[in-house]
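Colleague: Just dropping this structure here.
The values are calculated or read from the model by the stated rules, or taken from the named source; none is laboratory data. Being a predicted model, the structure only gives us computed values, none of them experimental. Virtual Cβ from ideal backbone geometry, glycine too; neighbours counted across all protein chains shown. For accessibility, only protein heavy atoms count, side chains too; no ligands or nucleic acids. Shrake-Rupley method; radii C 1.70, N 1.55, O 1.52, S 1.80 Å.
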Amino acid sequence: MKSRYTHPKVLSFEFYPPKTEEGAASLKIVHEKLARLNPGFFSVTFGAGGSTREKTFETVVEIQSKGIAAAPHLSCVASTRNGIRTILNDYRDKGIRKIVALRGDLPSGMLSAGEFRYANELVEFIRKETGDAFEIHVAAYPEVHPQAPNADADFNNFKRKVEAGADAAITQYFYNAEAYFYFRDRCERNGITIPIVPGIMPITQYSQLFRFSEMCGADIPRWLRKRLECLGDDRAAIQVFGRDVVTELCRKLLEQEAPGLHFYTMNQSGPTLAILENLQFWPSAA
Ligand code: FAD
């Protein structure tokens, strides 16, 4: 069977900017451990509305200085064109060449008076301002973005981001591999050829995962939810079960030609490494 992608599979790891000195010290160790796998890049999240602007910048610059590419997330909600232009110039000056372009969600109570409404406008702006200076990654939602009126509208909105100049997409996490395959096939049927990289969320505990999933519209299938409920507060058991479930998900995705994996690490190396070791796909994880 002809391979969908000509590039080798890419591994990437997502961090959030640490809030404390202890968090920063711990992230250095996590980064060191994950860097041994020689990922394509590390990405660093951005608080919508600019709340982590400096911390995201510092974290990105520090990671990039250690030799593996760092990709800042940049959300445009509540931003001005001038503000975004300044951020892009600052990153360009530091040699950053990848960016994850997002709309973002404003914290509740914060009203948007920004100049961008949707991520496609940000992608268009980045391309217009900086040409090909950045490789642009965007978000994709195989299980449909929670605010979208329906799956077709959401898909067309995703297509707008690609047409505006996105080079790759990273998906929201999911546990239904079929949702990813369906979305990826739909992209191909519609002439979208950029890599759609599955976002992988390791399972380490139930209540937090449940809360996150409610907010971002990720479905926890009934069988998985019921099994996790039975494990209750037994964190060790959840970690072993979660590792095995997510390993199988990753195996299925890679076997069926996913172009790579993007791990939402939550600034921990253990759960991600456990999955990669189990998977035995990236030999350096062993
Ligand atoms: P968009 O692509 O703009 O889509 C948002 C909604 O608007 C969708 O329902 C879409 O269907 C609709 N829409 C899009 N374009 C149009 C249009 N032209 N007309 C009408 N409707 C439209 N959030 C953060 O705050 N910081 C982060 O660092 C961050 N990182 C993320 C990384 C990944 C890989 C992913 C998957 C999500 C991340 N998020 C982050 C969450 C993201 O910001 C939210 O999911 C947000 O609600 C949507 O952002 P988006 O870029 O996908 O928006």
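Colleague: Quote the charge dipole size of the chain about the Cα centre in Debye, to the nearest 20; the model charges only the Cβ of Lys and Arg (+1) and of Asp and Glu (-1).
Modeller: Numbers: 35 positive and 34 negative charges, 63 e Å.
Charge dipole of the chain: 300 debye, to the nearest 20.
Colleague: Rank Gly83, Leu253, Ala218 by how far each Cα sits towards the positive end of the charge dipole of region 10-278 (+1 on Lys, Arg Cβ; -1 on Asp, Glu Cβ) and give me just the farthest.
Modeller: Going by the charge dipole, the pick is Gly83.
Colleague: Further question: What nm value, rounded to one decimal, do you get for the distance between Tyr118 and Asp132 when each label is placed 7 Å out toward the C-beta?
Modeller: With each label point 7 Å from Cα toward Cβ, the separation is 2.7 nm.
Colleague: Need the list of lysines near Lys55 for cross-linking: C-alpha distance under 22 angstrom, and skip anything on the same chain fewer than eight residues off.
Modeller: Lys19, Lys28, Lys33, Lys66, Lys94, Lys98
Colleague: Follow-up question, since we're still on this one. Taking amide H positions as placed in the peptide plane 1.01 Å from N, state which residues far from Phe263 in sequence (5 or more) or on other chains have amide H under 5 Å from it.
Modeller: Counting only residues 5 or more places away or on other chains, the set is Ser12, Phe13, Glu14, Ile200.
Colleague: In addition: Can you give the charge dipole size of region 42-188 about its Cα centre, rounded to the nearest 20 debye, using +1 on the beta carbon of Lys and Arg and -1 on the beta carbon of Asp and Glu?
Modeller: 320 debye
Colleague: Sticking with this structure for a sec: Could you give each residue of region 94-106 its phi-based ³J(HN,Hα) in whole Hz, using Karplus coefficients 6.51, -1.76, 1.60 with θ = phi - 60°, and x for Gly or Pro?
Modeller: Going residue by residue, I get 8, x, 6, 10, 10, 8, 9, 9, 9, 7, x, 10, 6 Hz, with x marking Gly and Pro.
Colleague: Before I look further, what does region 10-278 give for accessible area per residue, probe 1.4 Å, in whole square angstrom?
Modeller: Roughly 47 Å² per residue, with all protein chains present.
Colleague: Here's something else I'd like to know. Once neighbouring chains are kept in place and the probe is 1.4 Å, which whole percent of the accessible area of region 10-278 is contributed by carbon and sulfur?
Modeller: 48 percent
Colleague: When the Karplus curve 6.51 cos²θ - 1.76 cosθ + 1.60 is applied with θ = phi - 60°, which whole-Hz ³J(HN,Hα) does each residue of region 125-139 get, with x for Gly and Pro?
Modeller: Computed from phi, the couplings for region 125-139 are 5, 4, 5, 5, 6, 10, x, 9, 4, 10, 7, 9, 9, 10, 8 Hz.
Colleague: Report the residue, chosen from Ala177, Ala166, Ala237, that carries the largest GNM mean-square fluctuation when the chain is represented by alpha-carbon nodes joined by springs under 10 Å.
Modeller: Most flexible of the set in this elastic network: Ala237.
Colleague: Oh, and also: For the modelled label position 7 Å from the Cα of Glu32 along Cα-to-Cβ, which residues of region 62-78 have backbone nitrogen atoms closer than 18 Å?
Modeller: Of the residues in region 62-78, 62-68 have backbone N under 18 Å from the label point off Glu32.
Colleague: Can you find, among Thr272, His262, Ile196, the residue farthest towards the positive end of the dipole of the chain? Put +1 on the C-beta of Lys and Arg, -1 on that of Asp and Glu.
Modeller: Of the listed residues, the answer is Ile196.
Colleague: GNM, the chain, Cα, under 10 Å: largest mean-square fluctuation among Thr130, Thr20, Thr265?
Modeller: Thr20
Colleague: Same structure again: What FRET efficiency comes out for the pair Glu178/Ala237, r = Cβ-Cβ distance, R0 = 25 Å, nearest 0.05?
Modeller: 0.40
Colleague: Something else now. In deg cm²/dmol and to the nearest 500, what is the mean residue ellipticity at 222 nm of the chain if only DSSP H runs of at least 4 residues count, each as -39500 (n - 2.57), divided by the residue total? Mind dumping the intermediate values first?
Modeller: Working: 10 runs with 131 residues, N = 286.
Computed ellipticity for the chain at 222 nm equals -14500 deg cm²/dmol.
Colleague: I would also like to ask the following. Report the full-extension gain for the segment Gln205 to Arg222: residue separation times 0.36 nm, less the Cα-Cα distance, to one decimal in nm. Before the final figure, lay out the partial values.
Modeller: Numbers: separation 17, 0.36 × 17 = 6.12 nm, distance 1.61 nm.
Full-extension gain reported as 4.5 nm.
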